[in-house]
Amino acid sequence: MPAPPASLLALLVLAMLPAAGCAQSPPTTRLRCEVSQVSDGDSFRCRDSRRVRLTGIDSPESGQQPFGARSQQALARWLPLGSTVDLELDVAPTDRYGRQLAYVWADSTLINEAMVREGWALLYTVPPNVKYAERLGEAQKEARTSGAGLWGEGGFECPPSDFRRNRCVIRP
């Protein structure tokens, strides 16, 4: 008996992949949010009082002046008050402070990535929320190489995570 044509074998293999769980990714959960306040460079509030923290990034703290204010202003440009955005959730939907962890989309722009690419935030990966870690890492390499935003001003000499832990030396 002759062997089946290669095209038939390929179709059979492709047909079996979804059943084996190899070809499908988990469904994406997206929620709508009307922006009511931008708190800092990586968090904001929705009109319904939800607090949102942008997943995968970290921006200077408000005490890291003038960098904290500059980062907040950059996020406010991307998220004008009253604008509606989509919140894409990853594995862990909230942080220990009860904030919604989200990749924020304004139309087709991933705001988390835009903040990193423009040099207003750093890559800050906290597993299991790693869906866009590689994409954000590439944006950070580009920003750092080009001296974008705070990279050109020494704004990340003390990363926000170190500042929160009082690990930075404040220069007069």
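The values are calculated or read from the model by the stated rules, or taken from the named source; none is laboratory data. A quick note: this is a predicted structure, and the numbers were derived from the prediction, not measured. All Cβ positions, even for glycine, are placed from backbone atoms using ideal geometry, and neighbour counts span all protein chains on display.
Quick notes on this structure:
- Residue in region 102-109 that is closer than 21 Å to residue 60 by Cβ, modelled with pLDDT of 95 or more and out of contact with any Lys or Arg (no Cβ under 9 Å at 6 or more places or on another chain) present: yes
- Qualifying position, being crowded, with 21+ Cβ neighbours inside 10 Å and of a type outside the set (D, E, K, R), among 59, 43, 83: 59
- Residue match in region 16-30 (condition: in contact with a Leu (Cβ under 9 Å, 6 or more places away or on another chain), modelled with pLDDT under 95, of a type outside the set (Lys, Arg) and under 20 Å from residue 110 (Cβ atoms)): yes
- Cβ-Cβ contacts under 6 Å between residues 6 or more apart (or on different chains), taken from a first residue in region 113-134 that is in contact (Cβ under 8 Å) with a residue 40 or more places away in the chain to a second residue that is hydrophobic (A, V, I, L, M, F, W, C) and part of a loop (DSSP other than H, G, I, E, B), are listed as 115/121; 118/148; 129/91; 129/92.
- Residue count, region 101-123 (criterion: buried (at least 19 other Cβ atoms within 10 Å of the Cβ) and either basic (Lys, Arg) or more than 12 Å from residue 78 (Cα to Cα) (or both)): 9
- Residue check for residue 45: assigned to a strand (DSSP E or B), among the charged types (D, E, K, R) and more than 15 Å from the chain's Cα centre (by Cα): yes
- Looking across region 140-167 at every residue that is surrounded by 13 or more Cβ atoms within 10 Å (Cβ to Cβ) and touching a strand residue (DSSP E or B) at 6+ places or on another chain (Cβ under 8 Å), the one that is farthest from residue 65 (Cα to Cα) is identified as 140.
- Identification of helices (runs of 4 or more DSSP H) wholly contained in region 60-172 with 2 or more residues that are touching a helix residue (DSSP H, G or I) at 6+ places or on another chain (Cβ under 7 Å) yields 67-78, 111-117, 133-146.
- The set of residues in region 62-86 being touching a strand residue (DSSP E or B) at 6+ places or on another chain (Cβ under 7 Å) and either modelled with pLDDT under 95 or of a type in the set (A, V, I, L, M, F, W, C) (or both) consists of 62, 68, 75, 76, 78, 79, 81, 85.
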